[in-house]
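**Q** Mind looking over this structure? Questions follow.
The values are calculated or read from the model by the stated rules, or taken from the named source; none is laboratory data. In this text, all values refer to a predicted model and were calculated from it rather than measured experimentally. All Cβ positions, glycine included, derive from the backbone under ideal geometry; neighbour counts span all protein chains shown.
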């Protein structure tokens, strides 16, 4: 295998532009899983982003929190200001693996790994995060809720690099992140839900119930307009419009649907049809 | 092969590595530091925990070329005398998870402030142990922390 | 005394098999069957690999019989023309590069013409699935006491129930591994194992080598739990065959995926109870049927079945008991030894059934157990008179007291009435575990042990009993030091090297402290006698005598010896399954407090109390650690550890998808011991290692049942399974 070691971001963009098959690598927490036996993965060419200081820090602007492409979960967990403004980021980060993964795993990596069970993506999406892509052809911004087009399919050209994630600063009247795994710590989500309510409206984002992390627009509409469901089961027809869970080795479709309904019902008991 | 140098347990080392080499294998098979163990190869068990620039990471998920110019510390760098609480509290049985457990525990010990927001059990969740049931480990961490070991976290 | 090797382990200095320096060696790899059953029609080697660079071994390279010697000689070292399970070893490869050998293994295709596999041990096999005897039954066993049918016919109440337990993976943190090489004509095999002499026997048999040409050394073993009882013989043979053919040392280390997919697991079991009782809950008759999944070869299933049925009736007095057991052949990867060895399965069923009885009869679960717990002078299912003086009711009372059982019952009622989506409950299990080999097993083993007096006056304990975390090195040191009045530093424990140590038996069955530890004490006594000292001689007097002896016999070896002797009054009949199944039982009462989230149906253990009587506790820290570790392993088995199968293969063979508890998933495990020294155990101790895995499953499921009103009968009780149960029950409140 081959690895390219760019000195700076422009060099990285040049390398990406010259070979569409190149795979950017940051924390490696997804790419190196079972690495020795994944011999086919050894044939590819990787682009090491890890030393690119320009991608490391997160920053605040008047309107946004901007996470650099190399911002890790741990960077977020230990920052009290992020915890104040975007508590779901911290909630989710604390449930990504454990410290060993949190110290290496990046938010941008979570986005481009495109797992339907991702922990970081749901909360970013519930905060209306925007993916900032850069290439030699310039900069492009794609709202995260429009970033995925199918299982592991993304609105990212091979020559583009995710350089940042922009999260608009808003006042949230309600926000919650629920991750249901088969154990409390270090589990892949069987169901994930991130829910926020702000002046921009309701955002309900689900994990592990569809080929991608996705917003649940039918549930959001029901939340905006009511009426309040009288039981979790009342939500099932609405959920059916948003989610298409499957049976796999981690859980079953029926369990995922039921849990989603129950979490929505109980978390949002008092809130259906209410303004922010 | 890629020539790299980095600081390992306080000393500068230079090695040539393949792009496919994991830090875990470089440490164990190239540098003969076999204290770092492989338990799963997927970042789940924490037996290969080392510090990269002071933070605990799973060495099975680190491509070795990424540590160029950085600081790596392994179980071999710890002061055996200071590990007495782990011996006394029964923090080790079979020992296969132990170096990783000790590395994480030692990092917690140096960051008592984390217990304002985290529990010891949450911070130790990246290290699987199949022998102790974790009580011996948690007790040892508390003991090693002394007064800092009182958890006020939300877990 | 603190764990002898603790500091070596804590500092990473302890060298496990994959840590040992080895020069000029080859990495070994196993090529396995892709199908659960069929005839091997071809083995295709990809043309783009230079195979001359590889050592390739198949069944024709085996010098002796192609058999891994164990109870029955039915399991091949390498499949020849037929495969009986997925991942059955077919070929072996070795190469200096680990990466090259991994790639090469993928470049070999084992082509199998499939036959219909038997994959469900619970279903009667169809004719085309029959592969063992006339009915795929590997072993049948039966215990009969009194007249069950008559007693059931007369019983005022009969309560029946069917219970199931799933496979469990050991997840020892160190995967299986061996190295093998020739040293001046002697085949040396080193690795992670519980039973050096099992490995030695298997090597001698299949490699047709006499004992003087094979040497087995145990390396520090990173967890076993039974998973390194019988399996290491396979990997030892594989490494040895590669080393013999390749003429160079070979290292064969499984990665986690291979280890989980291809090695043994706890036997899945199905248990049916039909119990006759008085209306106030006194046991009149127990009719129990036990079926376990043996997998594709006999391996240890007959003895697992034996321990399973002996423990099936629980620690209760009942005059009429019938227990029938069957181990079924299936085309699953053979199931094997795992801490508890059949007893956890049947005691899950028995203790869950006790709560089902209590609920059916409308009596208190604690009272039901108080009524029926064995009193001294009463007999077990095999007719063994229990007369050890242990107050089993006191064990129960201590657990109730320590857990605040009655207070919590009240608190939970209030909590459940005021919480919408959480339910709390408390559950109990009273149980027992026989220590040492079953029946006449210890007599057959004839374990031996030596204590050598060294020229400097210290002693060395020579045994084949190994350290795998449970504390053998420490406890043997303590026992020898106490017996001789020595400082611990004046006792050393010899490495488990078959060229040096006698066969003290396998490190299994909770026998090491109680039985082999007793040999340590008696070999110390024998050493003193050989020095002309009586048993009162201690410390400096013994050391001086040892030094004097060496002065008088330069270069000679001074050894005290001991061999197993049956404690008086123990009788067992293997034909009728009547008599004293074990020299001693450990007795326990465990209490679990759980909380169930009705939204997700996930159960969490909030508190766990483990009270047991295991004779004298020799080393409190080690003993507590054994209990805590066993309990957490039991919590995993009860709630989350589930092997998922497809066509006979485990498909979740990664630690991301087969989940064991993390530190954050379990509460502190509160441990208490009641001590009633056992006169025939070392220092008064009884076996302890396995007991703790028998209780958590039923205690937790009983607690979940009481919290939710659901009636779960199977483990693991995953959230999915609990939700399904609760949805099916129209009377239950769910979120």
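**Q** What number of residues within segment C:652-690 are in contact with a strand residue (DSSP E or B) (Cβ under 7 Å, 6 or more places away or on another chain), within 11 Å of another protein chain (Cβ to nearest Cβ) and in a loop (DSSP other than H, G, I, E, B)?
**A** 2
**Q** While we're on this one: Restricting the search to segment C:220-264, which residues are outside any helix (DSSP H, G or I) and under 24 Å from residue C:646 (Cα atoms)?
**A** C:227, C:231, C:254, C:255, C:263, C:264
**Q** Which one is farthest from the other protein chains (Cβ to nearest Cβ), of the residues in segment A:63-102 that are touching a residue at least 24 places away in the same chain (Cβ under 8 Å), out of contact with any strand residue (DSSP E or B) (no Cβ under 7 Å at 6 or more places or on another chain) and in a loop (DSSP other than H, G, I, E, B)?
**A** If we take residues in segment A:63-102 being touching a residue at least 24 places away in the same chain (Cβ under 8 Å), out of contact with any strand residue (DSSP E or B) (no Cβ under 7 Å at 6 or more places or on another chain) and in a loop (DSSP other than H, G, I, E, B), then A:96 is farthest from the other protein chains (Cβ to nearest Cβ).
**Q** Sticking with this one: Would you call residue C:127 out of contact with any strand residue (DSSP E or B) (no Cβ under 8 Å at 6 or more places or on another chain), buried (at least 16 other Cβ atoms within 10 Å of the Cβ), farther than 30 Å from residue C:25 by Cβ and more than 14 Å from chain A (Cβ to nearest Cβ)?
**A** Values: out of contact with any strand residue (DSSP E or B) (no Cβ under 8 Å at 6 or more places or on another chain): yes; buried (at least 16 other Cβ atoms within 10 Å of the Cβ): no; farther than 30 Å from residue C:25 by Cβ: yes; more than 14 Å from chain A (Cβ to nearest Cβ): yes.
No.
**Q** May I pose another question? Only one of these conditions is not met by residue C:566: (1) closer than 30 Å to residue C:315 by Cβ; (2) surrounded by fewer than 24 Cβ atoms within 10 Å (Cβ to Cβ); (3) in contact with a strand residue (DSSP E or B) (Cβ under 8 Å, 6 or more places away or on another chain); (4) in contact (Cβ under 8 Å) with a residue 40 or more places away in the chain. Which number is it?
**A** For residue C:566, the failing item is (3).
**Q** Let me ask something else. Name every residue in segment A:103-117 that is assigned to a helix (DSSP H, G or I) and within 12 Å of chain B (Cβ to nearest Cβ), in order of residue number.
**A** Hit for segment A:103-117 is A:109, nothing else.
**Q** Hey, which of the helices (runs of 4 or more DSSP H) in segment A:178-276, taking only ones fully inside, have at least 2 residues that are touching a helix residue (DSSP H, G or I) at 6+ places or on another chain (Cβ under 8 Å), under 26 Å from residue C:666 (Cα atoms) and more than 14 Å from chain B (Cβ to nearest Cβ)?
**A** So the answer is A:253-267.
**Q** Read through the list (1) free of Cβ contacts under 8 Å to residues at least 40 places away in the same chain; (2) surrounded by 24 or more Cβ atoms within 10 Å (Cβ to Cβ); (3) not in a helix (DSSP H, G or I), then give the number of the only condition that residue C:271 fails.
**A** (1)
Here is a yes/no grid of residues against (1) over 25 Å from the mean Cα position of the chain (by Cα); (2) more than 11 Å from chain B (Cβ to nearest Cβ):
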position: C:21; (1), (2): yes, no
position: C:30; (1), (2): yes, yes
position: C:35; (1), (2): yes, yes
position: C:60; (1), (2): yes, yes
position: C:68; (1), (2): no, yes
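**Q** Taking the conditions exactly as written (more than 19 Å from residue C:177 (Cβ to Cβ), within 28 Å of the chain's Cα centre (by Cα) and within 14 Å of chain B (Cβ to nearest Cβ)), does residue C:4 satisfy them or not?
**A** Working: more than 19 Å from residue C:177 (Cβ to Cβ): yes; within 28 Å of the chain's Cα centre (by Cα): yes; within 14 Å of chain B (Cβ to nearest Cβ): yes.
For residue C:4, the condition - more than 19 Å from residue C:177 (Cβ to Cβ), within 28 Å of the chain's Cα centre (by Cα) and within 14 Å of chain B (Cβ to nearest Cβ) - is met.
**Q** Determine which single condition residue B:43 fails, assuming it passes every other condition in (1) under 14 Å from the mean Cα position of the chain (by Cα); (2) over 21 Å from residue B:135 (Cβ atoms); (3) within 7 Å of chain C (Cβ to nearest Cβ); (4) in a loop (DSSP other than H, G, I, E, B).
**A** (3)
**Q** Being over 18 Å from residue C:598 (Cβ atoms) and away from chain A (no Cβ under 12 Å) is the filter here; which residues of segment C:703-735 pass it?
**A** Those that are over 18 Å from residue C:598 (Cβ atoms) and away from chain A (no Cβ under 12 Å): C:713, C:714, C:715.
**Q** Given the residues C:126, C:122, C:84, which is the only one that is over 22 Å from residue C:264 (Cα atoms) and at pLDDT 95 or above?
**A** Testing whether each residue is over 22 Å from residue C:264 (Cα atoms) and at pLDDT 95 or above leaves just C:126.
**Q** I'm trying to understand the selection: among the residues of segment A:189-210, which are surrounded by fewer than 24 Cβ atoms within 10 Å (Cβ to Cβ) and either closer than 18 Å to residue A:258 by Cα or at pLDDT below 95 (or both)?
**A** A:210
**Q** Still on this model: Can you name the number of the only condition in (1) outside any loop (DSSP other than H, G, I, E, B); (2) farther than 22 Å from residue C:33 by Cα that residue C:111 fails?
**A** (2)
**Q** If you don't mind, there's one more thing I want to ask. Out of (1) facing another protein chain (nearest Cβ under 7 Å); (2) under 24 Å from residue A:38 (Cβ atoms); (3) more than 15 Å from the chain's Cα centre (by Cα), the odd one out for residue B:64 is which?
**A** (1)
Table: residues versus (1) over 21 Å from the mean Cα position of the chain (by Cα); (2) within 14 Å of chain B (Cβ to nearest Cβ).
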{"site": "C:207", "(1), (2)": "yes, no"}
{"site": "C:212", "(1), (2)": "yes, no"}
{"site": "C:224", "(1), (2)": "no, yes"}
{"site": "C:232", "(1), (2)": "no, no"}
{"site": "C:248", "(1), (2)": "yes, no"}
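**Q** How many residues are within 22 Å of residue B:79 (Cα to Cα) and away from chain A (no Cβ under 11 Å) if we restrict to segment B:106-128?
**A** Matching residues across segment B:106-128 total 5.
**Q** For segment B:78-97, does any single residue satisfy the condition of being buried (at least 24 other Cβ atoms within 10 Å of the Cβ), over 24 Å from residue A:91 (Cα atoms), within 14 Å of chain A (Cβ to nearest Cβ) and out of contact with any helix residue (DSSP H, G or I) (no Cβ under 8 Å at 6 or more places or on another chain)?
**A** Yes; the residues of segment B:78-97 include at least one that is buried (at least 24 other Cβ atoms within 10 Å of the Cβ), over 24 Å from residue A:91 (Cα atoms), within 14 Å of chain A (Cβ to nearest Cβ) and out of contact with any helix residue (DSSP H, G or I) (no Cβ under 8 Å at 6 or more places or on another chain).
**Q** If you scan segment C:440-470, which residues turn out to be surrounded by 24 or more Cβ atoms within 10 Å (Cβ to Cβ) and either under 20 Å from residue C:302 (Cα atoms) or within 14 Å of chain B (Cβ to nearest Cβ) (or both)?
**A** Of everything in segment C:440-470, those that are surrounded by 24 or more Cβ atoms within 10 Å (Cβ to Cβ) and either under 20 Å from residue C:302 (Cα atoms) or within 14 Å of chain B (Cβ to nearest Cβ) (or both) turn out to be C:466, C:467, C:468, C:469, C:470.
**Q** Read through the list (1) in a helix (DSSP H, G or I); (2) farther than 18 Å from residue C:216 by Cβ, then give the number of the only condition that residue C:509 fails.
**A** (1)
**Q** Identify, by number, the condition in (1) more than 7 Å from every other protein chain (Cβ to nearest Cβ); (2) over 14 Å from the mean Cα position of the chain (by Cα) that residue B:52 doesn't meet.
**A** The number of the failed condition is (2).
**Q** Among (1) surrounded by 24 or more Cβ atoms within 10 Å (Cβ to Cβ); (2) in contact with a strand residue (DSSP E or B) (Cβ under 8 Å, 6 or more places away or on another chain); (3) away from every other protein chain (no Cβ under 14 Å), where does residue C:198 come up short?
**A** Here residue C:198 clears every test but (2).
**Q** Check off (1) farther than 30 Å from residue B:117 by Cα; (2) within 14 Å of chain B (Cβ to nearest Cβ); (3) surrounded by 16 or more Cβ atoms within 10 Å (Cβ to Cβ) for residue A:9 and give me the number that stays unchecked.
**A** Here residue A:9 clears every test but (2).
**Q** Still on this model: From the residues in segment C:642-651 that are in a loop (DSSP other than H, G, I, E, B) and more than 11 Å from chain A (Cβ to nearest Cβ), which one is nearest to residue C:267 (Cα to Cα)?
**A** My answer is C:648.
**Q** In segment C:368-380, is there at least one residue being closer than 28 Å to residue C:670 by Cα, modelled with pLDDT of 95 or more, in contact with a strand residue (DSSP E or B) (Cβ under 7 Å, 6 or more places away or on another chain) and assigned to a helix (DSSP H, G or I)?
**A** yes
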